[in-house]
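What follows is a short report on a single structure.
Quick note: the coordinates plus some simple rules give every number you see, no bench work behind them. Remember, predicted model here, so these are calculated numbers, not experimental data. Here the Cβ positions follow ideal geometry from the backbone for every residue, glycine too, while neighbour counts run over all protein chains shown.
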Amino acid sequence: MWKTLHQIARVGIATEPAPGADETLRVRAALQGQILAIMGRALAIRQVDAGSCNGCELEIHALNNPVYNIEGLGIRFVASPRHADLLLVTGPVARNMELALVRTYEATPDPKLVVAIGDCGCTGGVFGENYASAGRVGNVIPVDVAVPGCPPTPERILAGIVTAVSASQRRAHPQG
């Protein structure tokens, strides 16, 4: 033990300097204010995997971790489409998921928003349209915003969600 204490006394404190101020915290505060101003309440999202490889789901799950913490922004995920304001759909729509996706869309109360996530959700990706896949989400239900990427980053997914909410607000309350 004395050897360790002597080493500490000889070397001193060997730590990294404290990190600088994080500008994203200011952006997050502004974004939270914008979401609450637009929605007037929390945004409820129902995520639907229509046949993806789960790459997009990993990025969506990252939105809930302490780094992105979207729940702190007033955005939460719900289990039922009946409680949702927005559908977040990933993957090319598998033929086996077509009916389930349509029923989920119909169960979501109006006004509803749909955001297609990933290259597969936006274009059908490498799967395209074939006997097993209906292709992009827009082939099955109307899509408000498409977020390309394979997979898109959590920042891009969040930007797509905010874009959909902002666009719906502009349609609901046009200026002039």
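Determine the calculated [θ] at 222 nm for the chain from helices alone, applying -39500 (n - 2.57) to every DSSP H run no shorter than 4 residues and normalising by the residue count; nearest 500 deg cm²/dmol. Only helices count here, giving -12000 deg cm²/dmol. Between the C-alpha center of the range 146-169 and that of the range 1-20 there is a gap of 46 Å. The charge dipole of the chain, taken about the Cα centre with unit charges on the Cβ atoms of Lys, Arg (+1) and Asp, Glu (-1), comes to about 340 debye, rounded to the nearest 20. With volume of the Cα convex hull per residue in Å³ defined as stated, name the option among (1) 179; (2) 127; (3) 137 computed from the structure displayed. Calculated volume of the Cα convex hull per residue in Å³: the matching label is (1). Which length gain, in nm to one decimal place, applies between ALA159 and ALA18 when the Cα-Cα distance is subtracted from 0.36 nm times their residue separation? In short, 47.8 nm is gained.
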